[in-house]
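Report on the structure given below.
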Amino acid sequence: MPSYFTSSPGKVILFGEHAVVYGKVATAGSLGLRSYALIQTREDKKIEVNLPDVQLARSWNINDVPRQARWEGYPYPPQSMNTDLLAQLTKFVDLGSQTNRSQAAIALLYLHSFLTTDETLVRGYDFVVRSNLPVGAGLGSSASYSVCVATALLQLNGYLSAGKGLDVAAQRDLVNQWAFQAEKVIHGNPSGIDNTVSTLGGAVMFRKGEKIEPLPGFQSLRFLLTNTRVPRETQVQVANVRKLHDKFPTVVNPMLDAINEISNSCKDIFSQDGLDRAHLLARFGELVDVNHGLLAALGVSHPSLEKVREISSKLGLKSKLTGAGGGGCALTLIRDDVSSETVVVVKQLLEAEGFQCMETSVGGPGAGILTLTHPTTIAEFLAHEKSYFEATQNWAYFV
Ligand SMILES: Nc1ncnc2c1ncn2[C@@H]1O[C@H](COP(=O)(O)OP(=O)(O)O)[C@@H](O)[C@H]1O
Ligand SMILES: C[C@@](O)(CCOP(=O)(O)O)CC(=O)O
Ligand SMILES: [Mg+2]
């Protein structure tokens, strides 16, 4: 009975969120915080889904879920989203269209409709996801979830098996393309940066439709992430920027161009010979400030995010919102010369506001699969989730 774990990281966008949706360059890295999925076949033709992070536990008869006939470009996703299928699935899951739970369930079933083979159809499967990432806080939980879903369904249905003749790069590409479809279900109009970073890992400069450029040196940077715990949805923030853009294109386009130049300047700083690290970090901090100012002008800051900036700047630290904004997370650059006492103080001050501070590594591995020798149960997976999480070093990453 095939049984697999899949795992993929969240991400932090350093520069370029929102602008990246308009084809500008953005800079981002994978996080040490990850999501983990369990997928395994069962014998009663049911799909049993358990997503505790969004309080969803549901089971469906596998034959009741709509299935797609072979399409052009198989096994890569079709060029455009199937909106009829989306409407059908929204009705089928019957959880409302805009809730956390329904988006997660529809994204899973959307991929299921395309990827399920006859072999899986006669059996059914269990599917569980747990995440160490805060959901809806700007650290790419939706992309991390989407990559876990895509990897799990592709693996269970044999698309990644040796017999298919895909090398590692092609496997990652297939996962990334399907994860992007799931992100589209959740976000509406994603740029693709989040699923790409979650699939590939590392630190990259990303522009829609172009080859990914690795950004060496990034791993040595240290950040504090602060979750303001103010809920927001990426889809809503992206739509608000779109409205502003469409109303005042001549005002907004130069702002997006300026954001583009921030990533280019960041790259220049890293590749500048002879620039000592103290100067590099000081310049980086200035770009953090400028990028936040532009994002605030686009209307995606929030009083809680301004509070993070105010507190950190009192201690000489630079912060900006990260992800879609409107709440969620901010990142703060911790320069090498910042003492551990200062970090403790800033964390205390931020936590006193009710915020949650996290320090995590940036630029680690991307998506991975672990084949289980013994099938497990959903209950056991959830009961022992910590040890599964800690087994991360044994995972077969696509790297
Ligand atoms: N662990 C998870 N389990 C199920 N669904 C998840 C999980 N993490 C994220 N999601 C999905 O992603 C959505 C949040 O996405 P989004 O608004 O883009 O925020 P984020 O910045 O965290 O990516 C949730 O509403 C849910 O549909
Ligand atoms: C705002 C945006 O640039 C990043 C969104 O990231 P998150 O979902 O808030 O983690 C949107 C996108 O790139 O698709
Ligand atoms: Mg997201």
The stretch 231-246, residues that are more than 11 Å from ligand 2 (Cβ to nearest atom) and surrounded by fewer than 16 Cβ atoms within 10 Å (Cβ to Cβ):
Pro231, Lys243, Asp246
Please determine, by comparing only the residues of the stretch 174-194 that are more than 10 Å from ligand 3 (Cβ to nearest atom) and not in a helix (DSSP H, G or I), which one is surrounded by the most Cβ atoms within 10 Å (Cβ to Cβ).
Ser191
In the stretch 224-251, which residues are at pLDDT below 95 and under 28 Å from Ala282 (Cβ atoms)?
none
Can you spot a residue in the stretch 152-167 that is assigned by TED's automatic domain parsing to the domain that holds Tyr74, within 16 Å of ligand 1 (Cβ to nearest atom), in a helix (DSSP H, G or I) and buried (at least 20 other Cβ atoms within 10 Å of the Cβ)?
yes
Looking only at residues that are of a type in the set (Gly, Ala, Ser) and within 12 Å of ligand 2 (Cβ to nearest atom) in the stretch 177-207, which one is modelled with the lowest pLDDT?
Gly188
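Among the helices (runs of 4 or more DSSP H) lying completely within the stretch 78-150, list those that include at least 2 residues that are under 21 Å from the mean Cα position of the chain (by Cα).
In the stretch 78-150, 100-115 are the helices (runs of 4 or more DSSP H) which contain 2 or more residues that are under 21 Å from the mean Cα position of the chain (by Cα).
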Among the residues of the stretch 370-380, is there at least one that is out of contact with any strand residue (DSSP E or B) (no Cβ under 6 Å at 6 or more places or on another chain), more than 16 Å from ligand 3 (Cβ to nearest atom), in a helix (DSSP H, G or I) and at pLDDT below 95?
yes
Scan the stretch 161-175 and give yes if some residue there is within 12 Å of ligand 2 (Cβ to nearest atom) and touching a residue at least 12 places away in the same chain (Cβ under 8 Å), otherwise no.
no
Single residue of Gly192, Gly202, Gly209 found to be assigned by TED's automatic domain parsing to the domain that holds Thr99, free of Cβ contacts under 8 Å to residues at least 40 places away in the same chain and either of a type in the set (Gly, Ala, Ser) or touching a Pro at 6+ places or on another chain (Cβ under 7 Å) (or both):
Gly192
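The values are calculated or read from the model by the stated rules, or taken from the named source; none is laboratory data. A quick note: this is a predicted structure, and the numbers were derived from the prediction, not measured. Glycine gets a Cβ as well: all are built from the backbone with ideal geometry, and neighbour counts include every protein chain shown.
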